[in-house]
Amino acid sequence: MIPNEIPGFNFDLGETVDLLRDTVRSFSDDEIAPRANLIEQNNDFPKDLWTKLGDIGVLGITVEEEYGGAGMGYLEHVVALEEISRASAAVGLSYSAHSNLCVNQLRLNGNEEQKKKFLPDLISGEKVGALAMSETGAGSDVVGMKTIATKNGDRFILNGSKMWITNGIIDDEGTPADIVWLYARTGTDERGRAEITTFLIESGMEGYSAGQKIEDKLGMRASTTAELVFENCVVPSENIVGMPGESKIHLMRNLEHERVALAAMSVGISRRCLADMNSYASEREAFGKQIRNFGQIQRHIGESWADYRAMRAYVYDTARQIDLSKAGQRLDSDGVKLFATTVAKNIADKAIQVMGGYGYVGEYVVERLWRDAKLLEIGGGTIESHQKNITKDLSTNSSAIEQ
Ligand SMILES: Cc1cc2nc3c(=O)[nH]c(=O)nc-3n(C[C@H](O)[C@H](O)[C@H](O)COP(=O)(O)OP(=O)(O)OC[C@H]3O[C@@H](n4cnc5c(N)ncnc54)[C@H](O)[C@@H]3O)c2cc1C
């Protein structure tokens, strides 16, 4: 049972968001939270949830209704992600890879035929989507990618491998993701940097397979992470997104969206940890008193509340204002992720501390959330990348500080 939550001021996100939140929260309470510890212990990706998430209409939140989507905005997407992550951050991560990294990008960048062909099955949950950008030797420096696609008539031949791909494997048999939004190098510009093209990879394409499943992760264990391998994989021209060599802008824009999504996951993690530490502080007694009477425990709870509220306001404000059609909003996409992810990890840490030995064991959940929160400081861009980007952008746009 997730303890009752504390009201505080309403963020006044509007009726649509409130209704969506209620739907996703009750789904997450019924379908995800009760099995969250078990799927984590078993490293078990709960694929059966996908059609259920499709049924409640959250796999294509930002997609127009004509393709089967909900026609809502990014704020709604962020709230759904927050609610799912409160129950299981690992399910939240896989959900985000599917609905944001794959579906939302396809909606923004795909052509009409591609949207008609791929979106309905992704939105119903019949198919699981992923995004493949990182490689063993190219993470923060993603443009240094080595996976290469060579033009051959009206097709491209892909060779290389991608690493760390969420939803890369979707079952125990090692089946690779059904649809992958893949970035590969198709040329080199005058500065020696990769010219990047986006390909839609489909399960069953010759030369496309899953490599190793990454085992023994610190957290996010119910979300699969895998290597994807491309060996003379033939991709027809209709599976190329946009113009060859021109994907760098939407790759960067995609990272901005991803960072806001990962910040939203931090809100869900923090809310659960705060609720749990708060109720525990009333239940637990030491030296004849509820532990919430001790000043040091009050510091953990009080600071967590203030940090959580500040994080929430920044996340909602960024999600409200971000223009999905534009690149160049990373001051706040990076700012909000830099702040929220570390705050979430610290709140989870405080929850463990308040709960003493019990906080350190799986049954009490917060240790799982602490392990999950750590990933958010790395995935989708490390906190050092955000520090670098923000400092760089403020050097050319210092007026942002006074705005
Ligand atoms: C569980 C999990 C799921 C993931 N899911 C996906 C996915 O679905 N798709 C995908 O494409 N990728 C995914 N990733 C990859 C993730 O985005 C990368 O791990 C991340 O971008 C960091 O890259 P790296 O691991 O290569 O670290 P590196 O880039 O090698 O960084 C190592 C260290 O060096 C620091 N560093 C690097 N460059 C600089 C610099 N210029 N200045 C200061 N410090 C620097 C970093 O901040 C970090 O501390 C996932 C990773 C994990 C662990």
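Values computed for the structure shown
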| read-out | value |
| --- | --- |
| Condition check for Gly71: among the small types (Gly, Ala, Ser) and either at pLDDT 95 or above or touching a Phe, Trp or Tyr at 6+ places or on another chain (Cβ under 8 Å) (or both) | yes |
| Residue match in segment 179-188 (condition: within 15 Å of the ligand (Cβ to nearest atom), outside any strand (DSSP E or B) and in contact with a Lys or Arg (Cβ under 7 Å, 6 or more places away or on another chain)) | no |
| Any hit, segment 217-230, residues being more than 13 Å from the ligand (Cβ to nearest atom) and over 18 Å from the mean Cα position of the chain (by Cα) | yes |
| One residue from Glu367, Glu363 being within 30 Å of Gln290 (Cα to Cα) and surrounded by 17 or more Cβ atoms within 10 Å (Cβ to Cβ) | Glu367 |
| Unique match (being β-branched (Val, Ile, Thr), over 30 Å from Leu38 (Cβ atoms) and touching a Ser or Thr at 6+ places or on another chain (Cβ under 7 Å)) among Ile249, Ile240 | Ile240 |
| Residue ID - farthest from the ligand (Cβ to nearest atom), chosen from residues in segment 149-170 that are modelled with pLDDT of 95 or more and assigned to a loop (DSSP other than H, G, I, E, B) | Ile170 |
| Search result, residues across segment 102-148 that are within 15 Å of the ligand (Cβ to nearest atom), without any contact (Cβ under 8 Å) to a residue 12 or more places away in the chain and not in a loop (DSSP other than H, G, I, E, B) | Ala138 |
| Top-ranked residue in segment 7-37 [being touching a helix residue (DSSP H, G or I) at 6+ places or on another chain (Cβ under 7 Å) and part of a loop (DSSP other than H, G, I, E, B); ranked as nearest to Glu76 (Cα to Cα)] | Leu13 |
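The values are calculated or read from the model by the stated rules, or taken from the named source; none is laboratory data. Fair warning: this is a prediction, and the values are worked out from it, not measured in the lab. Every residue, glycine among them, receives a Cβ derived from its backbone with ideal geometry; neighbour counts consider all protein chains shown.
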